[in-house]
1. Mind listing which GluC sites (Glu not before Pro) in the range 257-328 are in a DSSP loop and have 14 or fewer other Cβ atoms within 10 Å?
2. Describe numerically, in nm with one decimal, the distance between label points set 7 Å from Cα along Cα→Cβ at residue 155 and at residue 656.
3. Please list 664-671, 540-547 highest first by mean number of surrounding beta-carbon atoms within 10 Å per residue.
4. Using a Förster distance of 35 Å, how high is the FRET efficiency between residue 330 and residue 694, based on the Cβ-Cβ distance and rounded to 0.05?
5. With a 10 Å radius around each residue's Cβ, average the other Cβ atoms per peptide and rank 455-461, 146-152, highest first.
6. Just the number, please: percent antiparallel of the DSSP beta bridges in the chain, rounded to the nearest 5.
7. Do any chymotrypsin sites (Phe, Trp or Tyr not before Pro) in the range 566-667 lie in a loop, going by DSSP, with at most 13 other beta-carbon atoms within 10 Å of their beta carbon, and if so which?
8. Calculate, in nm to one decimal, what residue 65 and residue 338 gain on full extension: separation in residues at 0.36 nm each, minus their alpha carbon distance.
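No value in this document is a laboratory result; all are computed from the given coordinates. Just so it is clear, the structure is predicted and the values come from calculations on it, not from any experiment. All Cβ positions, even for glycine, are placed from backbone atoms using ideal geometry, and neighbour counts span all protein chains on display.
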Amino acid sequence: MSDLAPRLQFPEPERYELSEPPPYVFQLNRREFVQTLGAGLLISMVLPDVFGQRRGGRAEATVQDRLHIATDGTITVFTSKVEVGQGSRTELAMAAAEELQVPIDRLKLTMADSAVGPNDGGTAGSRTTPDAVPSVRRGCAAARQLLLETAARKFNTEAAKLRVNDGSVEGLAQGESFSYADLAADSESLKAANPAGVQLKSMGECNVLGTPVSKVGGREVVTGARQYPSDIVRPRMLYGKVLRAPTYNSQLVKIEHLDAAHKQNGVIAVHDGNFAGVVARNSYLAEKALASLAKTAEWNSGSHVSSDQLFEHLQAHAQNGRANKRGESAPGGRDFNAVYTVAYIQHAPMEARAAVAEWEDGKLTVWTGTQQPGGVRDSLARTFQLPAEKVRVIVPDTGGAFGGKHSGEVAIEAARLAKEAGRPVHVRWTREEEFTWAYFRPAGVLPIKATLGADNRITHWEHVNINSGGSALDTPYDIASVSTEFKNSDAPLRAGSYRALASTANNFARESMMDELAAAADEDPLAFRLRHLQNERIRNALLAAAEKFGWDARWKKRSKTSGVGLSCGTEKGSVVACCAQVDISDQGAYKVVEVVEAFECGPIMNPRNLKAQVEGAIIQGLGGAMREEMRFKNGKILNAHFSKYHVPRFRDVPAITTILLDRRDLPAVGAGETPIIGIAPAIANAIFHATGARIRSMPIRNEAIRSA
């Protein structure tokens, strides 16, 4: 495979949430069962969820699926993609404006409504840029071409002599005009449009894509006018709360006095299989009724592993996976072994899960925050035995996700309560519910073995990932003999997708080991990496970051109170290199004071948003590197609040310099994930540079430095 080819594999094994069983199994009454069956033969089967960004299997959208052109010239673009703060609304608007040749403020985007528009898949895997942007561009380019052809036919001229500017056709005779508003009246031409064969502009020809554009709707965000799933209000809406188990591995046995909740201010209580909850006219009364209901519940609880035993448990229950091997190892050399660990962490979005559900005439509509509107619609349809066309999922712009909102449990909870109440119901998870019952980034144990030959070149490399996942497991370095393997294990916590998936863990282990080997070879870590790198893109990023950071001089200026480290890597087709400086106090506490990161994802679509993406990934990566870690014991989360679960604070943020490498000769790939994978190993390597303490766990605790 060329070193310029993106290394993509879908779906990755650590997307555990996609293979989960339904969160609830509801009982159908006899009438519902008969209505579901109807006449004829019923064949039941369960199909795995189709992951949103999997390529292939989706027909290209026609113009009428993609666009609506109003008679006033307003153009609405439709997509199933979701805005969760990452900037997809802006980028897709830029793509549409580029090909339609209209100002961005003349466009509207209708995103993530399962009842309208084409299926662009869910929002995950950094696929919006390489998949949805070209699709939107093709649809809009077809509309532009249709405008030209219709104008040429109307005014008896050649379309090749015409062009579009500001939404109107230029090149017509004096006194003649034709715009998208005029085209809107020609419905037959619009229906005949087909984006197949339309020529898109090259990046060099673009005047919108590739330029810095501010966030579309940014003013609404900063002024508080933007409506999120938690803000949705429907007429006659009620508020719901769901009964949660007291511990993990608990099963609801019975509820003795369901009427206890009913007696409080018209509260409606529901008990259906493994589900129980309440509905009230406001959230305070719902919370009060739930507390009464909880007192009547009886549970059976099983044993549960604690976080103190986590890594031993994962290793003891590791299952044999499929090893990938290539090359032959040369005999002799020095062998090195190390075991790295990463803890469970939470996504910690600003907005916890929320949904409003409404039933009307046998149809279900749900407003919720999810990255997979199509997947949630299908899950609702299966749960309530409905045809998919009777379920509509609408996703308002959502307050963060980071891979954590692929599932639809809160939508199902709201729908079940709304069905009982006969009115719309709003369910909002508390922060404690989000930290306890949402899925986590999986913990992992990562043993690595390596051999240095007589010339201090790596001759053999073995990298195993237990439980965390297989993303970026293969090494980008030029090594004669390589073996990699991902092993599942008996995971004590619910786990699934997280920004960059397991590439953060695998890159942390690999780049930490590379520094250990560089030290054993008595080489500068930069020179050692470059000696093993043929990948042109990673080399370019590494050299750019090192030059801006002033690596050579700072590496030689070693002290016990300050150290520098670097790392590099590739995932989702993009590449990153990171340099960091840490200062060490007399008490052995460390602080990250400076970060320089170079990033390349092919051609840059919006440098302003890309810079924000890279900086955001670095800051989020600081959390997992420095402090974030789920602690649990006796089946309970011990730090299910922000007061005990420490995401990065302002005081933790170092000086950050980003270097964006624009490669217009390459295909565009996603930028939302890969920038996160460089920061943790760069910090660990900087600590080693200053103190000699070898860090092999995330988060990196001060105690590990003091005890070294």
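1. Values: sites: 287, 298, 312, 328; in loops: 328.
Passing sites in the range 257-328 are 328.
2. Label-label distance for residue 155 and residue 656, simple model: 4.9 nm.
3. Values: 664-671: 19.1, 540-547: 21.2.
Top to bottom by mean Cβ count within 10 Å: 540-547, 664-671.
4. Details: r = 26 Å, r/R0 = 0.75.
Using R0 = 35 Å, I get an efficiency of 0.85.
5. Details: 455-461: 19.1, 146-152: 22.1.
Output ranking for 455-461, 146-152: 146-152, 455-461.
6. Values: 74 of 103 bridges.
Counting only bridges with both partners in the chain, antiparallel ones make up about 70 percent.
7. Working: sites: 590, 599, 632, 642, 645, 650; in loops: 642, 645.
Loop-located and lightly packed - 642.
8. Details: separation 273, 0.36 × 273 = 98.28 nm, distance 5.38 nm.
Extra length available between residue 65 and residue 338 comes to 92.9 nm.
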